[in-house]
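As structure tokens, the structure follows; a few thoughts come after it.
Each value in this text was obtained by applying a stated rule to the coordinates, not by laboratory testing. Keep in mind the model is a prediction, meaning the values are calculated, not measured. Note that each Cβ is placed from the backbone with ideal geometry, even for glycine, and that neighbours are counted across all protein chains shown.
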Amino acid sequence: MVSRRARQPRSCEPTLKIIAMFLSSSDSRWWFILFNLPILIVCPIAELDAAETEESAEPLPKEWYVSGFLMRSYPIGSTLKFDGDKIPDTSFDSATGGGLKIGVFPSYKSVFGAEVEVSGHGGSITAPQTVVGDTVRSAQLDTTRLNFMVNALARYPGDYIQPYTGVGLGLAIILTDGQTQSSSGIRETESLSGLTLQGIIGARLIITDHLFGFAEYKPALFFWGKEDDGCGSGKYRKRNCIPRPIHSLDSQSHYVSVGIGYRF
């Protein structure tokens, strides 16, 4: 079978022996040590790469991976309503968070794959106080958002750089702490849940046969976000229950993330 990557790392042993002999002599010069310092750093990495080349003589039947990442959210719009009454000028603050992914490609040369993703970040929802007639509307909410996604991916399976694109669909839960004011009065909010649809554009940098880094851009849409109306849902919905007024939310955001992963 052909190796995934025909790397031929150069051995560092002769150079390291010369440096060791020079350092043991009495007339060593600091400039010679400084000049060869990069070799002392690069050589252990080259030896690791050589070991991975021997290990990867056979292609992997499947490429499983796990990765972690840091991300930054950049919201671009949102619509918050309470009992159908829209609270104007609602906005999310940008926030920093992180997440984990587990994914699979059928083989190391496969174009199509899939992954599950869990992520979260904080933030806030605010709306300045507006007065129309006798109605005051405003919002001040601290939030914690949790995303549970399933992503379908398509990539170019290069040996060193792997650009990829994809789409994901999943559930988002937004935990809130604060209150809103609208034509229905002042009300503290509870958690909202809804669907999230996201696009994915990214690229991998293959560091070793197992280790990789990546960066992604993801536009995301949160929709059908609602509170529980107190009557349950589906077969667990209570009979003769009068639904209470609820908050609803739709929002759009851009996400930028960077991370590192391990393939096995």
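Label separation (S91 vs V132): 2.0 nm, computed from points 7 Å beyond Cα along the C-beta direction. Quick check on segment 126-264: take the gyration tensor over C-alpha atoms, sort the square-rooted eigenvalues as a ≥ b ≥ c, and tell me if it's rounded (a/c under 1.5), prolate or oblate. Since a/c reaches 1.5 and a/b is larger than b/c, the shape of segment 126-264 is classed as prolate. Remark: segment 108-124, residue by residue, has Karplus-estimated 3J(HN,Hα) of 5, 9, 5, 8, 9, x, 8, 8, 10, 9, 10, 8, x, 7, x, x, 7 Hz, where x stands for each Gly or Pro and the curve is 6.51 cos²θ - 1.76 cosθ + 1.60 at θ = phi - 60°. Across segment 169-174, coupling constants 3J(HN,Hα) worked out from phi with the 6.51/-1.76/1.60 Karplus curve, θ = phi - 60°, read 9, x, 10, 10, 10, 10 Hz, and Gly and Pro carry x. Would you list which lysines come within 22 Å of K86, measuring only between C-alpha atoms, while excluding same-chain residues fewer than 8 positions from it? Excluding near neighbours in sequence, the set is K226. Roughly how large, in nm² to one decimal, is the mean projection of the convex hull of the alpha-carbon atoms in segment 189-256? Seen from a random direction, the Cα hull of segment 189-256 projects 7.4 nm² on average. Distance between the modelled labels on A215 and I260, one decimal in nanometres: 1.7 nm (7 Å Cα→Cβ projection). Taking amide hydrogens as placed 1.01 Å from N in the peptide plane, the amide H of D229 sits under 5 Å from that of no residue at least 5 positions away in sequence or on another chain. Listed by chain and number, the lysines whose alpha-carbon sits under 19 Å from that of K62, ignoring those within fewer than 8 places in the same chain, are K101, K109.
Take the alpha carbon gyration tensor of segment 127-196, find the square roots of its eigenvalues, order them as a ≥ b ≥ c, and report rounded if a/c is under 1.5; if not, report prolate when a/b exceeds b/c, else oblate. It is prolate, given that a/c is not under 1.5 and a/b is the larger ratio. With a cut-off of 9 Å between beta carbons, the residues surrounding I87 carry a summed charge of +1, where Lys and Arg count +1 and Asp and Glu -1.
About its Cα centre, segment 106-196 has a charge dipole of approximately 260 debye under the convention of +1 per Lys or Arg Cβ and -1 per Asp or Glu Cβ, with nothing else charged. Applying the Karplus relation 6.51 cos²θ - 1.76 cosθ + 1.60 with θ = phi - 60° to segment 92-104 yields 3J(HN,Hα) values of 9, 8, 5, 8, 10, x, x, x, 10, 9, 10, x, 8 Hz, where x marks Gly and Pro.
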